[in-house]
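Here the structure is laid out as structure tokens; the discussion comes afterwards.
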Amino acid sequence: MRPEIVRGSRKNSAVTTVPEDAGALALASTAQLRECLHQAEVELRQAYSRMLGVVAEVENRKLAQAEGFRDSAALLSRLLRISASEARERVEHAGELAPRRTVTGAPLPVLLPVTAGALRAGEVGVGQLRVITATMTLLGAGVTAAQRAEVEADLVEYARSFEPRRLAVLARRIRDRLEPDGPPPREPEPMAEACGELRLRDRRDGGLGLEGWLDAEAGAQLRGLIDQLAKPRPASETIPDARSLAQRQADALAELCGLARSAQDAPSSAGEPTHLTVTLELAALRAAVGAATLDFGQQLTPAQARRLACDCKLIPAVLGGPSEPLDVGRIRRSVPLGLRRAVTIRDRGCTFPGCNRRPRQCDVHHVTHWADSGDTCLGNCCLLCPRHHREVHETGWKLTIHPDRVEFIPPAILDPLRRPLTNPYWR
């Protein structure tokens, strides 16, 4: 059964008159520009659907061979002045989404009728179309016709909410469920000792500057990890990732550090994993006013400290007038390990729409922060990867935890209708 996708419908939104000429666009409101973008995209998709119908008829008539061309792709490439790869893709799409005929002229059913209908309606684009057609082609002979039809319907439904890269992640998930005995993953190559130089310097704003180089082997390994973690992570098709490439790569490096700290063989200090010490008055944490201090003297805002405090070890301390420590309590966790296991069982991974980060790559987020008297309980906690944990804390996302899912309401700047989203990946 297809996992539920909670989302709104554009059909229920108010109709906006969309200006067409450049002069009118200059005077258009933000709502009109948004509607214009959506309308133009729908028209592009519908035009592509009509193009595939024409290409299918070219194929049905064997027009290319009659005119002396090797195949229809060669004819399209020369006639439309498009690349050979784009021409081949159009021929392939036409064969799967447009009406076909046998050599005797008898009609054949469309191979992917649900996808074809969604393309005609302008509900899916070429990027999502590539994912759907590639996935359906890769399904093995053991997948029944009924299962194939259900997979196609699921992918088309997901394509209405997710951009191509995230749709491809969900498609791989579906294939893994249907064909669990597929080819085993390759064993990772052993890590070679990194060679190069790395210099660290403190920035005036409290940040850390990096400078150095790695040799070809170590550089390739690091680049591969950064590239994997630095891919855009949009919340949905209509809410893109606003980070630049440089910002995504910096977030990827920070995520690598978090993974390294949680690894079984991570270096330890006095028997404990490497950790950060954040010093902050409880009143400042609750009021979100003031600054927190890290081990090396750098300062964090209370908002940053609140995010770190979602899932950490806490050491209460009582200070005297001159700030001398009078009493230091024992370490306690803001999220007990037993509760984290329960949250992991329910969420299975990052709950942010479209994210596929595993539990070990996630923090436990308090929907109502514990500093604001929020309960540390299953109904108030969910898993978020560091990138989305930060985004939820720093932007206007609203979360509601249901027994079987976490529902996200995007900020109005991203979606004026504030349509709810969920993450179907783990379901």
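The values are calculated or read from the model by the stated rules, or taken from the named source; none is laboratory data. In this text the structure is predicted, and so the values were computed from the model without any measurement. Because the Cβ atoms are built from the backbone with ideal geometry, glycine has one as well, and the counts that use them run over all protein chains shown. Please note that ligands, DNA and RNA were not included when accessible areas were found on the heavy atoms of the full protein model with its side chains. Shrake-Rupley method; radii C 1.70, N 1.55, O 1.52, S 1.80 Å.
Using a 7 Å offset from the Cα along the Cα-to-Cβ direction at both residue 395 and residue 138, what is the distance between the two label points in nm, to one decimal?
If labels sit at residue 395 and residue 138, their model points lie 2.8 nm apart.
Rounded to whole Hz and in sequence order, give me ³J(HN,Hα) for segment 109-116 from the Karplus expression 6.51 cos²θ - 1.76 cosθ + 1.60, θ = phi - 60°, writing x for Gly and Pro.
Calculated HN-Hα couplings, in order: x, 5, 5, 10, x, 5, 5, 4 Hz.
Using 7 Å Cα-to-Cβ label points, what is the residue 404/residue 211 separation (nm, one decimal)?
In this crude spin-label approximation the distance works out to 5.7 nm.
Expressed in nm to one decimal, what extension gain is obtained for the pair residue 33 and residue 358 from 0.36 nm per residue of sequence separation less their Cα-Cα distance?
113.2 nm
Out of residues 5 or more away from residue 363 or on other chains, whose amide H comes under 5 Å of its own, with H placed 1.01 Å from N in the peptide plane?
So residue 363 has HN proximity to 384, 385.
Using +1 at the C-beta of Lys and Arg and -1 at the C-beta of Asp and Glu, which of 111, 82, 63 has the Cα lying farthest in the positive direction of the dipole of segment 34-171?
63
With a point put 7 Å past each Cα toward its Cβ, work out how far residue 427 is from residue 227 in nm, to one decimal.
The answer from the label model is 3.4 nm.
So with the 1.4 Å probe, I'd like the accessible area per residue for segment 64-131, rounded to whole Å².
Heavy-atom SASA per residue in segment 64-131 reads 55 Å².
Quick query: amide H of residue 243 versus all other amide H atoms, modeled in the peptide plane; which residues come in under 5 Å with a sequence gap of 5 or more or a different chain?
Amide H neighbours of residue 243: none.
Pull out the extension gain between residue 25 and residue 54, defined as 0.36 nm times the separation in residues minus the alpha carbon to alpha carbon distance; nm, one decimal.
Taking 0.36 nm per residue and subtracting the Cα distance, the gain is 7.2 nm.
Based on alpha-carbon centroids, what's the gap between segment 47-124 and segment 334-413 in Å, whole number please?
Centre-to-centre distance over Cα atoms comes out at 46 Å.
Once the Cβ-Cβ distance between residue 148 and residue 199 is put in as r, and R0 is 56 Å, what FRET efficiency do you end up with, to the nearest 0.05?
0.50
Mind listing the long-range amide H neighbours of residue 406? Cut-off is under 5 Å, sequence gap 5 or more, other chains count too, H placed in the peptide plane at 1.01 Å from N.
HN-HN under 5 Å from residue 406: 423.
Sort the following peptides by mean Cβ neighbour count (other Cβ atoms within 10 Å, averaged over residues), highest first: 54-65, 77-88.
54-65, 77-88
For segment 73-85, just list the computed ³J(HN,Hα) in residue order, Karplus coefficients 6.51, -1.76 and 1.60, θ = phi - 60°, integers in Hz, with x standing in for Gly and Pro.
Per-residue couplings from phi come out as 5, 5, 5, 4, 4, 6, 5, 9, 6, 10, 5, 4, 5 Hz.
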